[in-house]
Amino acid sequence: MIPLRSPQDALRPSSIALGSFDGLHQGHRRVIAAITGDNCPTGCTPSVVSFWPHPREVLHGDTRLRLDLPAEKLALLQPLGVRQLVLIPFDRALASLSPEAFVEQVLVDQLQARRIAVGDNFRFGAGRRGDAQDLARIAAAHGVAVAVLPMLWDGSERVSSSRIRRALAAGALDEARRLLDRPYRFCGQVGSGRGLGRTLGWPTANLQVDGRKFLPAEGVYAAWAWAHQPPGDAMAAVMNLGPQPTVDPQAPSAVEVHLLDRQLDLNGLALTVEPLRLLRSQCRFSGLEALVEQIGRDADQARQICAAFVPDPGPWNPPG
């Protein structure tokens with residue numbers, strides 16, 4: 001597994017793909033390809049350099065949920081030829097640097113960049129005054145080459161992390177997977193619930209998911225689940241994401257996973273989940289009997305959907 005490093009501990013000199021790269025979609029991978037393989041100067045470490053937390057969290061107080069948390073991103077980067085992920089701590093001192101100071105102090109002095117690649121919408125420096133062309137001009141004065149990659153378009157819209165989030169927020173898993181060119185997954189630690197699902201004949205694993213992770217629309221899903229990271233045994237499952245309007249309307253939103261035709265003690269384990277298809281939105285039933293009958297129909301539908309999907313292990317490193 002490639003390492004996650006601070007700027008102080010980064011291997012130098014470096015060949016840098018600079019940006020957020022949330023989701024590592026096809027457009028991101030094109031930027032990364034510009035600093036790896038034959039595009040990486042001799043003796044340099046091909047590196048992805050991002051900021052943490054997201055600049056908008058620091059400057060505007062906006063919560064920015066991530067498609068990929070840093071620990072998840074490591075396994076996704078390794079097959080692309082990247083050898084380290086460097087996270088630059090973003091704070092107001094860094095935000096106050098002029099474009100020239102950022103290039104000189106961070107990219108040239110600290111990371112010893114020899115080549116840099118960005119998308120053509122890249123902005124940086126105090127007040128986001130610098131753009132990709134400014135980066136190329138400033139870096140050239142230090143003898144550093146910059147590759148500026150055009151945005152990747154899909155139909156009338158560009159491929160973007162925001163577009164993937166919109167697809168997930170609408171429960172459009174197929175569209176999100178197409179734009180990502182890989183499965184969307186998340187991981188959570190299985191904790192103890194109230195045991196009501198078991199009483200009703202549908203025991204669930206209650207997942208505690210990192211609050212910084214972007215999750216799809218609330219509802220009931222057919223899903224794959226792994227008790228260990230892929231490519232291990234993929235288990236068909238039905239997942240409920242959201243509140244419990246029939247059982248406890250005041251309860252907070254939760255992630256509950258029922259393994260279909262499997263009985264495992266998952267308590268305390270990490271569970272990886274890949275939602276496949278949104279079956280229905282949540283609704284309040286007349287009582288527990290009506291709810292149990294609907295769960296049975298959900299399970300039957302989920303079995304059929306899982307039977308039609310071949311699990312794709314793909315690169316994945318759930319956070320530990």
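Tabulated data
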| quantity | calculated |
| --- | --- |
| Selected residue [in contact (Cβ under 8 Å) with a residue 12 or more places away in the chain, of a type in the set (S, T, N, Q) and farther than 21 Å from G125 by Cβ] from T45, T63 | T45 |
| Selection count, the range 3-52, where residues are surrounded by fewer than 19 Cβ atoms within 10 Å (Cβ to Cβ), small (G, A, S) and part of a helix (DSSP H, G or I) | 2 |
| Those strands (runs of 3 or more DSSP E) lying entirely in the range 90-205 with at least 2 residues among the charged types (D, E, K, R) and not assigned by TED's automatic domain parsing to the domain that holds D9 | none |
| Residue in the range 280-291 that is nearest to P203 (Cα to Cα), counting only those that are among the aliphatic types (A, V, I, L, M) and over 33 Å from the mean Cα position of the chain (by Cα) | L288 |
| Any hit, the range 63-77, residues being assigned to a loop (DSSP other than H, G, I, E, B) and over 17 Å from the mean Cα position of the chain (by Cα) | no |
| Some residue of the range 56-63 being farther than 27 Å from A270 by Cα, assigned by TED's automatic domain parsing to the domain that holds V103 and buried (at least 22 other Cβ atoms within 10 Å of the Cβ) | no |
| Among the residues listed as V220, V190, the single one being at pLDDT 95 or above, hydrophobic (A, V, I, L, M, F, W, C) and more than 15 Å from the chain's Cα centre (by Cα) | V220 |
| Residues of the range 5-54 satisfying the condition of being of a type in the set (A, V, I, L, M, F, W, C) and in contact with a Phe, Trp or Tyr (Cβ under 9 Å, 6 or more places away or on another chain) | L18, V31, I32, V48, F51, W52 |
| Matching residues in the range 112-141 - criterion: being free of Cβ contacts under 8 Å to residues at least 24 places away in the same chain and hydrophobic (A, V, I, L, M, F, W, C) | A132, A136, A140, A141 |
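For (1) loosely packed, with under 15 Cβ neighbours inside 10 Å; (2) touching a strand residue (DSSP E or B) at 6+ places or on another chain (Cβ under 8 Å), each residue gets a yes or a no:
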residue	(1), (2)
S162	yes, no
A167	no, no
A170	yes, no
L173	no, yes
R177	no, no
L180	no, no
P183	no, yes
F186	no, yes
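The values are calculated or read from the model by the stated rules, or taken from the named source; none is laboratory data. None of these values were measured; they are calculated from a predicted model. We place every Cβ from the backbone using ideal geometry, glycine too, and count neighbours over all the protein chains shown.
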